[in-house]
1. Within the range 43-70, restricting attention to residues that are surrounded by 18 or more Cβ atoms within 10 Å (Cβ to Cβ) and hydrophobic (A, V, I, L, M, F, W, C), which residue is nearest to Y107 (Cα to Cα)?
2. Mind counting the residues in the range 87-125 that are more than 23 Å from the chain's Cα centre (by Cα) and either surrounded by 13 or more Cβ atoms within 10 Å (Cβ to Cβ) or in the same structural domain as M14 (by TED's automatic domain parsing) (or both)?
3. So which of L52, L74, L62, L91 is modelled with pLDDT of 95 or more and either touching a Lys or Arg at 6+ places or on another chain (Cβ under 8 Å) or at negative phi (or both)?
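The values are calculated or read from the model by the stated rules, or taken from the named source; none is laboratory data. These numbers come from a predicted model, not from an experiment. Cβ atoms come from the backbone with ideal geometry, glycine included; neighbour counts cover every protein chain shown.
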Amino acid sequence: MGIEGSKRGRTHRMERINKQLQREISLLLEQRVKNDVAKNAIITGVDCSRDLEYARVYFTTLNPAAREPVLTELRSVKGALRTMLGQALTLRQVPALDFVIDRAPDYGERIDGILHRLGLDFPGGDGEDGEKDNESETHEENGNG
């Protein structure tokens, strides 16, 4: 169950807490965590339990091959992160953090690839102006490609 699927039944307060946790974890990774591998994480969302016991923290990286090593390092600093969150936030209880690789960007790229193969590209989806493929198709039609 991804971030979107877990939003059902969430209160405005929980959404606000999730956003606050996402923002704070991102800042702490950027500014206070000394683990350079863990700093490569891009926090994409947080899904906190209603009782604030647990928070599933979704992340990705710019380099897909780095996700597993980053996950390992995030898990190694989660205790320190939780302590720093306790100092930064005004929550009664700071949730235990569970880091999860966010697969949504991969899924989106797969869908884009399928749409591309079906010839259903949308303007602006391929390059800056979306004309890259149109130009190559024109060359092929004229026997120049």
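1. Among them, the one singled out is F59.
2. Looking only at that region, the number is 7.
3. Criteria check complete, one pass: L74.
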